[in-house]
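Have a look at this one.
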Amino acid sequence: MIDLLYEPWPWYVAGPVIGLTVPLLLLAGGKMFGVSANLRHTCAACNFGNVDFFNYDWKTAGKWNFAFLAGSIIGGFLAGYVFANPDPINLASSTIADLQALGIQDFDGLVPDDLFAWSSLGTATGLTVLGLGGFLVGFGARYAGGCTSGHAISGLSDLQLASLLAVIGFFIGGLLMTYLIYPLIL
């Protein structure tokens, strides 16, 4: 049984677990699956400019979101360090060839050190891209009424047309980035 914690779960187990989490959260207290509301709660806690949008009881409204976020961080730590699978990640040979063509040679960890090294992220450019990109993604998710997980998991299961349109837009944006924009950048 403990071996289940050291291996990735197959899609036919993980999918239903996530799928059943949504109605359980709704039944247990009207909670939605997603974390993008945390940006609004964090801004409300810091409300420096006394903006009306952030004037609400963020401690009560954000309790569930902050608990969900903390659980996600703790779960990620447990999965990445405590229950980490020591076997190398099984990548397709075509994926390895494509990554090597981009100059990535190290395939030992969960993510290539050639791409995600602290030496790159700790630079002024790396911190600017992370900070600005994180803010824009967070702002965009709140402006769109939810993040990708909120729309794709909670919104679609709630049969919301706006979520269906958002998810279609996410896929179109991903495809455009992957096949049109990203090749121009590299």
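The values are calculated or read from the model by the stated rules, or taken from the named source; none is laboratory data. All values reported here derive from a predicted model rather than from experimental measurement. Positions of Cβ are backbone-derived with ideal geometry, glycine not excepted, and every protein chain shown enters the neighbour counts. Note: accessible area is taken over every heavy atom of the protein model, side chains too, but ligands, DNA and RNA are not part of it. Shrake-Rupley method; radii C 1.70, N 1.55, O 1.52, S 1.80 Å.
Quick one: 3J(HN,Hα) in Hz for the range 108-120, Karplus 6.51/-1.76/1.60 with θ = phi - 60°, rounded, Gly and Pro as x.
7, x, 5, 10, x, 5, 4, 9, 10, 8, 4, 5, 7
Let me ask another. Using a simple spin-label model with points 7 Å from Cα along the Cα→Cβ vector, what separation in nm is obtained for L175 and D52?
4.1
How high is the FRET efficiency from I18 to A117, r the C-beta distance, R0 30 Å, rounded to 0.05?
0.45
Next question, about the same structure. At 1.4 Å probe radius, can you tell me the per residue accessible area of the chain in Å²?
73
Hey, another quick one. With an 8 Å Cα cut-off and a minimum separation of 6 or more residues, compute the relative contact order for the range 1-79 in percent.
27
Now a separate question. Can you tell me which of 80-92, 22-34 comes out highest on packing, and rank the rest after it, using the mean Cβ neighbours within 10 Å?
Numbers: 80-92: 9.8, 22-34: 13.9.
In decreasing order of mean packing, 80-92, 22-34 become 22-34, 80-92.
While we're here: With contacts defined as alpha carbon pairs under 8 Å and 6 or more residues apart, what's the relative contact order of the chain in percent?
Worked out over the chain, it gives 25 percent.
Right, here's the next one. Hey, any idea what % of the chain's accessible area is carbon plus sulfur with a 1.4 Å probe? Mind showing how you got there, number by number?
On the way: 9650 of 13570 Å².
Answer for the chain is 71 percent, counting heavy atoms of protein chains only.
Placing +1 on the Cβ of each Lys and Arg and -1 on the Cβ of each Asp and Glu in the chain, which of Y179, G150, W11 has its Cα farthest towards the positive end of the resulting dipole?
Of the options given, the answer is G150.
Please state the shape class of the range 105-180: rounded when a/c is under 1.5, otherwise prolate if a/b exceeds b/c and oblate if not, all from the C-alpha gyration tensor. Provide the component values of the computation, followed by the final result.
Details: a/c = 2.50, a/b = 1.88, b/c = 1.33.
Prolate, because a/c is 1.5 or more and a/b exceeds b/c.
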